[in-house]
Amino acid sequence: MTNAPVAEAGMLIRRSPEVVFTAVTEPDQITRYWFTEASGPLAEGARVRWTWGMYGVSTEVQVKALEPGRRILVDWDIDSDPTEVEWVFEDHPLGTWLTVVNRGFSGSPSEQAAKAIESTGGFALVLAGLKVWLEHGIEPDLVQDRHPSAWAQGWSGGRSKETTR
């Protein structure tokens, strides 16, 4: 492999870039479609902990750049296996084209490729969940339902499908 693998996912979301940006940076929004808890909003220079309670895992992200309605750049998994994640919000006649790029995977070339493939699939689910949340007001549970055997034995998540719809 001559070039390091990069994960990339994109999705049209039928809301303005400002609305989509807020849904990615604010804990009360992002916990509706991606993870269960955030230590704070994304802001320039902030270090934020994101938690997936259903899986019993969390990660730390460090915000490197934040341009409201346009771009977010973070270092992800900064305490374990850091990579860089960039969200780019582009105005589109139907709303916002949002692209997520994850780069800087560690390991052998085959390990890097496997991580990029997994990340591409994961971010595609996140973008689909964001789309469903913003366009239809439904908490889609896509990330939670990606690995149900990892959480099915006892995690309640603090929310139920009956109370969120």
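Just so it is clear, none of the values below were taken in a lab; they were calculated from the coordinates. For clarity, every value in this text was computed on a predicted model and none was experimentally measured. Here the Cβ positions follow ideal geometry from the backbone for every residue, glycine too, while neighbour counts run over all protein chains shown.
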In nanometres, what is the gap between the two model label sites at Arg49 and Ser149, each 7 Å from Cα along Cα-to-Cβ?
3.0 nm
Which Cα, out of Gly107, Ala128, Ala38, lies furthest along the positive dipole direction of the chain (beta carbon charges, K/R +1, D/E -1)?
Ala128
Cα-centred dipole magnitude for the chain, charges only on beta-carbon of K, R (+1) and D, E (-1), debye, nearest 20:
320 debye
Ellipticity estimate at 222 nm from DSSP helix runs (n ≥ 4, -39,500 (n - 2.57)) divided over the chain, nearest 500
-9000 deg cm²/dmol
The chain, relative contact order in percent, only Cα pairs under 8 angstrom and at least six apart counted:
28 percent
For Ala7, the net charge from surrounding residues (Cβ-Cβ under 10 Å; K, R +1; D, E -1) works out to 0
Report the gain in length on full extension from His136 to Ser80: 0.36 nm times residue separation, minus Cα-Cα distance, nm rounded to one decimal.
16.6 nm
Note, Leu94: beta-carbon cut-off 14 Å, +1 each Lys/Arg, -1 each Asp/Glu, net 0
With the cut-off at 26 Å, report for segment 7-151 the share of all Cα pairs above it, as a whole percent.
18 percent
Whole-Å distance, taken between Cα centres, linking segment 80-114 and segment 1-28
8 Å
Listing Tyr33, Tyr55 by rising number of other beta-carbon atoms within 10 angstrom, fewest first, gives Tyr55, Tyr33
